[in-house]
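Input: a single structure, listed below in structure tokens.
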Amino acid sequence: MAEVEIRAVSKAFKGTPAISDLSLKVEDGEFVALLGPTGAGKTTTLRLVAGLEAPDSGSVRINGRDVTGDAPADRDVAFVFQQYSLYPHLTVFENMAFALRAPIRRVPEADIRRKVEEIARLLHIETKLQNKATQLSGGQMQRVAIGRALVRSPSIYLMDEPLSSLDAKLRGECALNLSASRPISGRPSSMLPTIRPKR
């Protein structure tokens, strides 16, 4: 189960409202895109769900539980940042495997390799697995960041403009692959990407 509910949430930064009285429900397994121009509050909404920001009012619930005061690590959420946030000294494989190697997860190395290679094929970066992050194009780095989230199999994927650095053909293909990738984890998950309209 991966239901997300935002209840009457407001958030302001230095007195400027970013979100005002937002209520939104994402059902278990649903793919919901937040569409809007820069400054519309899309990223802030994702950060509130992830626990990277605290609302000024209202609440965030995941799987029926109020998580408004919970730390990000306690929410079973994977976040793909618009700025990639890759480890430059690690290879693509190591970046994607990083979360799976955390002591809290204890995933066998053979399972890590299988999962990383499977997601890398899905995102067309399987030939780049031994490259350092600094040897990649912007579009490739973005796909590695997406792959790092997909290998974790969380309840919720939050993606901040995950396809913005890709060309039109690859963007369309990756959008279809993202939607199709959720069953790979073996359980349904909710996905909330943000999209900025092209001018």
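The values are calculated or read from the model by the stated rules, or taken from the named source; none is laboratory data. Please read these numbers as outputs of a predicted model, since none were measured by experiment. Note that we place each Cβ from the backbone using ideal geometry, even for glycine, and neighbour counts take in every protein chain shown.
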**Fill in**
Of the residues in the stretch 84-102, those that are assigned to a helix (DSSP H, G or I) and not β-branched (Val, Ile, Thr) come to PHE93, GLU94, ASN95, MET96, ALA97, PHE98, ALA99, LEU100, ARG101
**Prompt:** Within the set of pairs 6 or more residues apart or between chains, which connect a residue that is more than 16 Å from PRO162 (Cβ to Cβ) inside the stretch 133-145 to a residue that is assigned to a helix (DSSP H, G or I) with Cβ atoms less than 7 Å apart?
**Reply:** ALA133/VAL92; ALA133/ASN95; ALA133/MET141; ALA133/VAL144
**Asked** If a residue has to be closer than 25 Å to THR43 by Cβ and in a helix (DSSP H, G or I) to count, how many in the stretch 128-139 make the cut?
**Response** 3
**Residue in the stretch 19-47 that is surrounded by the fewest Cβ atoms within 10 Å (Cβ to Cβ), counting only those that are free of Cβ contacts under 8 Å to residues at least 40 places away in the same chain and assigned to a loop (DSSP other than H, G, I, E, B)** = GLY39
**Prompt:** From the residues in the stretch 61-83 that are acidic (Asp, Glu) and part of a loop (DSSP other than H, G, I, E, B), which one is nearest to LEU158 (Cα to Cα)?
**Reply:** ASP76
**Message:** Whether any residue in the stretch 4-23 is within 16 Å of the chain's Cα centre (by Cα) and either modelled with pLDDT under 90 or not aliphatic (A, V, I, L, M) (or both) is what I want to check.
**Reply:** no
**Asked** How many residues does the stretch 103-127 contain that are surrounded by 12 or more Cβ atoms within 10 Å (Cβ to Cβ), out of contact with any Gly (no Cβ under 9 Å at 6 or more places or on another chain) and in a loop (DSSP other than H, G, I, E, B)?
**Response** 2
**Index of the failed condition, ALA110 passing every other in (1) at pLDDT 90 or above; (2) within 27 Å of THR43 (Cβ to Cβ)** = (2)
**Request:** Please name all residue pairs, on different chains or six or more residues apart, with Cβ atoms under 7 Å, provided the first residue is in the stretch 88-112 and is in contact (Cβ under 8 Å) with a residue 12 or more places away in the chain and closer than 22 Å to GLN142 by Cβ and the second residue is surrounded by 12 or more Cβ atoms within 10 Å (Cβ to Cβ) and of a type in the set (Asp, Glu).
**Result:** none
